[in-house]
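So the structure is just underneath, and the comments pick up after that.
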Amino acid sequence: MGVEPPFFEKYKAILQSSAEKEKFSTIEVVEEFELPLIDLSGLNLGPIERQKCIEQMAEAASEWGFFQIVNHGIPGGLLDRLKYEQMKVFHLPFDKKAEQKFLNLSAHSYRWGNPLATSLRNLSWSEALHISLKDISRMDECNNLRSSIQEYARKANLLAQTLAELLAQKLGIKPNYFQENCSPSSSSLRLNRYPPCPYSSRMFGIIPHTDTDFLTILSQDQVGGLQFNTDGRWFSIKPNPKALVINIGDLFQALSNGIYKSVTHRVAANEGVERYSIAYFYCPTYEVVIQSCSEPALYRNFSFKEYREQIERDVKATGAKVGLSRFLW
């Protein structure tokens with residue numbers, strides 16, 4: 001029994017028609033870019049070094065919406081263990097992964113492709129296990145996956161809160177804002193796998209999007225493929241084996257009144273090798289109202305629940321997320 005999702009069966013019509021119509025419609029070659037690298041050990045070296053570290057993060061969040069961090073407090077051994085368990089679970093038979101109560105998680109935790117795809121350009125050649133932190137305790141203990149996720153989630157949550165608080169200092173937001181509005185169970189974790197893709201020059205591993213959170217912590221392997229857009233140009237992020245990638249999400253852009261940028265990003269498909277990544281999405285509770293930190297506000301106030309529901313409506317109606325532009329004044 002095969003491990004791969006049945007892309008060819010599910011999307012047969014798209015693949016057959018697109019193969020001819022988009023024969024010469026290849027994705028543009030993008031320039032490789034090395035993200036700003038910030039050493040978090042500077043936070044503990046003294047007031048001057050600490051302030052410099054915070055300034056570097058704020059500058060990168062404003063200019064690029066992305067940066068990398070080292071000496072972040074998450075052990076490499078833990079990341080290696082989680083990736084090992086991640087690889088094992090994704091290499092289970094597809095029929096097992098597609099079971100309604102796979103690992104005793106909520107329905108639709110296991111995802112693949114894009115049910116609303118109409119062409120190669122909006123079909124994601126990937127599979128994922130999207131886990132709400134409140135679901136971790138009920139997971140089946142499957143080859144130590146649950147214990148590895150629990151340990152990682154604790155450390156990632158602490159790191160995300162620290163980064164968010166430091167970035168908020170530059171905005172005049174009270175230090176306990178994130179402690180008050182983000183509970184230990186309001187965030188989520190997404191394990192990604194990108195199988196080898198025979199249409200890699202004409203489609204994506206994940207289609208272009210922005211993240212619906214305050215910020216995302218990403219651990220990726222050395223295959224590469226993560227790309228972001230700035231001023232209409234796409235850049236490929238050079239993998240760094242020692243670093244975690246941080247990117248700003250929609251909620252932080254709204255909270256910062258547009259100072260920090262939630263930028264569009266995607267993952268390129270790879271024809272020859274599979275790719276793995278782990279994304280931690282730092283989110284508030286559903287009832288939290290996001291209010292811009294300064295006036296005049298670019299965005300009207302909205303709750304996280306309202307924002308998520310609007311995204312769901314847009315995706316169903318148009319096949320794509322509209323995002324923050326829905327909430328501009």
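The values are calculated or read from the model by the stated rules, or taken from the named source; none is laboratory data. Only a predicted model underlies this, so the values are computations on that prediction, with no experimental measurement involved. No Cβ is skipped: glycine too gets one built from the backbone with ideal geometry, and neighbour counts run over all protein chains shown. Keep in mind that these areas ignore ligands, DNA and RNA; they rest on the heavy atoms of the full protein, side chains included. Shrake-Rupley method; radii C 1.70, N 1.55, O 1.52, S 1.80 Å.
Within the range 5-24, can one find any residue that is under 22 Å from the mean Cα position of the chain (by Cα) and open to solvent by 30 Å² or more (accessible area, probe 1.4 Å)?
Pass one, the range 5-24, residues under 22 Å from the mean Cα position of the chain (by Cα): 5.
Keeping just the survivors that are open to solvent by 30 Å² or more (accessible area, probe 1.4 Å) gives none.
Within the range 5-24, none of the residues are under 22 Å from the mean Cα position of the chain (by Cα) and open to solvent by 30 Å² or more (accessible area, probe 1.4 Å).
Taking interchain pairs and intrachain pairs at least six residues apart, which have beta carbon atoms under 9 angstrom, with the first residue in the range 244-256 and of a type in the set (Asp, Glu) and the second in a helix (DSSP H, G or I) and surrounded by fewer than 24 Cβ atoms within 10 Å (Cβ to Cβ)?
Pairs that qualify, where the first residue is of a type in the set (Asp, Glu) and the partner is in a helix (DSSP H, G or I) and surrounded by fewer than 24 Cβ atoms within 10 Å (Cβ to Cβ), are Asp250/Tyr307; Asp250/Gly323; Asp250/Leu324.
Say we look at the range 108-117 and pick out the residues that are of a type outside the set (D, E, K, R) and within 15 Å of Ser188 (Cα to Cα); which of these is least open to solvent (accessible area, probe 1.4 Å)? Outline the logic, then answer.
Within the range 108-117, the first condition is being of a type outside the set (D, E, K, R), and the residues that meet it are 108-110, 112-117.
From the residues that got through so far, the ones that are within 15 Å of Ser188 (Cα to Cα) too are 108-110.
On the way: His108: 146, Ser109: 9, Tyr110: 31 Å².
Among residues in the range 108-117 that are of a type outside the set (D, E, K, R) and within 15 Å of Ser188 (Cα to Cα), the one least open to solvent (accessible area, probe 1.4 Å) is Ser109.
For the range 233-271, give me each residue that is of a type outside the set (A, V, I, L, M, F, W, C), more than 15 Å from the chain's Cα centre (by Cα) and within 18 Å of Ile206 (Cβ to Cβ).
Scanning the range 233-271 gives Ser236, Pro239, Asn270, Glu271.
Of the residues that make up the range 10-24, is at least one in a loop (DSSP other than H, G, I, E, B), within 30 Å of Ser201 (Cα to Cα), in contact with a strand residue (DSSP E or B) (Cβ under 8 Å, 6 or more places away or on another chain) and among the acidic types (Asp, Glu)? Don't jump to the end; show me each part of the working.
Step one: of the range 10-24, the residues in a loop (DSSP other than H, G, I, E, B) are 11, 22-24.
Imposing the further condition that a residue be within 30 Å of Ser201 (Cα to Cα) reduces the set to 11, 22-24.
From the residues that got through so far, the ones that are in contact with a strand residue (DSSP E or B) (Cβ under 8 Å, 6 or more places away or on another chain) too are none.
The answer is no, given that none of the residues of the range 10-24 is in a loop (DSSP other than H, G, I, E, B), within 30 Å of Ser201 (Cα to Cα), in contact with a strand residue (DSSP E or B) (Cβ under 8 Å, 6 or more places away or on another chain) and among the acidic types (Asp, Glu).
From the list Ile149, Ile173, which residue is β-branched (Val, Ile, Thr), buried (at least 19 other Cβ atoms within 10 Å of the Cβ) and out of contact with any Pro (no Cβ under 9 Å at 6 or more places or on another chain)?
Details: Ile173 fails: buried (at least 19 other Cβ atoms within 10 Å of the Cβ).
Within the list Ile149, Ile173, the selection yields Ile149.
Which members of the range 251-287 meet the condition of being over 30 Å from Trp112 (Cα atoms), among the aliphatic types (A, V, I, L, M) and in contact with a helix residue (DSSP H, G or I) (Cβ under 7 Å, 6 or more places away or on another chain)? Full working, then the answer.
Initial filter on the range 251-287 (over 30 Å from Trp112 (Cα atoms)): 255-260.
Pick out the ones that are also among the aliphatic types (A, V, I, L, M) and you get 255, 259.
Hit for the range 251-287 is Ile259, nothing else.
For the range 289-322, name all the residues that are of a type in the set (Asp, Glu) and under 24 Å from Pro115 (Cα atoms). Please lay out each step first, then the result.
Let us first name the residues in the range 289-322 that are of a type in the set (Asp, Glu), namely 295, 306, 309, 312, 314.
Passing the criteria: Glu306, Glu309, Glu312, Asp314.
Tell me which residues, restricted to the range 264-273, are buried (at least 18 other Cβ atoms within 10 Å of the Cβ) and of a type in the set (A, V, I, L, M).
Val267, Ala268, Ala269
Which residues, counting only those in the range 178-195, are more than 16 Å from Leu159 (Cβ to Cβ) and either open to solvent by less than 30 Å² (accessible area, probe 1.4 Å) or in contact (Cβ under 8 Å) with a residue 60 or more places away in the chain (or both)?
Filtering the range 178-195 down to residues more than 16 Å from Leu159 (Cβ to Cβ) leaves 180-181, 183, 185, 190-195.
Correct list: Asn181, Ser183, Arg190, Leu191, Asn192, Arg193, Tyr194, Pro195.
Say whether the condition of being within 15 Å of Glu32 (Cβ to Cβ), among the polar types (S, T, N, Q) and open to solvent by 10 Å² or more (accessible area, probe 1.4 Å) is met by at least one residue in the range 235-256.
yes
Taking the range 58-94 only, how many residues are among the hydrophobic types (A, V, I, L, M, F, W, C) and without any contact (Cβ under 8 Å) to a residue 60 or more places away in the chain?
Total satisfying the criteria: 1.
Mind checking which residues of the range 196-220 are open to solvent by less than 20 Å² (accessible area, probe 1.4 Å), part of a loop (DSSP other than H, G, I, E, B) and either among the polar types (S, T, N, Q) or at pLDDT 95 or above (or both)?
Within the range 196-220, Cys197, Asp211, Asp213, Phe214 qualify.
Picking from Ala317, Ala254, which residue would you name as being at pLDDT below 95 and part of a helix (DSSP H, G or I)? Step through it out loud before you land on a result.
Details: Ala254 fails: at pLDDT below 95.
One residue alone meets the criteria, Ala317.
Can you pull out every residue in the range 127-146 that is open to solvent by 10 Å² or more (accessible area, probe 1.4 Å) and not in a helix (DSSP H, G or I)?
Passing the criteria: His130, Ser132, Asp140, Glu141, Cys142, Asn143, Asn144.
Where the second residue is open to solvent by less than 30 Å² (accessible area, probe 1.4 Å) and among the basic types (Lys, Arg) and the first is more than 26 Å from Asp231 (Cβ to Cβ) and lies in the range 264-287, which pairs have Cβ atoms under 6 Å and are six or more apart or on separate chains?
From residues that are more than 26 Å from Asp231 (Cβ to Cβ), the pairs are Tyr276/Arg193.
For (1) modelled with pLDDT of 95 or more; (2) closer than 21 Å to Val3 by Cβ; (3) of a type in the set (Asp, Glu), each residue gets a yes or a no:
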| position | (1), (2), (3) |
| --- | --- |
| Leu78 | yes, no, no |
| Met87 | yes, yes, no |
| Asn144 | no, yes, no |
| Arg154 | yes, no, no |
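Take Arg308 and decide whether it is surrounded by fewer than 16 Cβ atoms within 10 Å (Cβ to Cβ), of a type outside the set (A, V, I, L, M) and within 12 Å of Asp213 (Cα to Cα).
Details: surrounded by fewer than 16 Cβ atoms within 10 Å (Cβ to Cβ): yes; of a type outside the set (A, V, I, L, M): yes; within 12 Å of Asp213 (Cα to Cα): yes.
Considered against the rule, which asks whether it is surrounded by fewer than 16 Cβ atoms within 10 Å (Cβ to Cβ), of a type outside the set (A, V, I, L, M) and within 12 Å of Asp213 (Cα to Cα), Arg308 comes out as yes.
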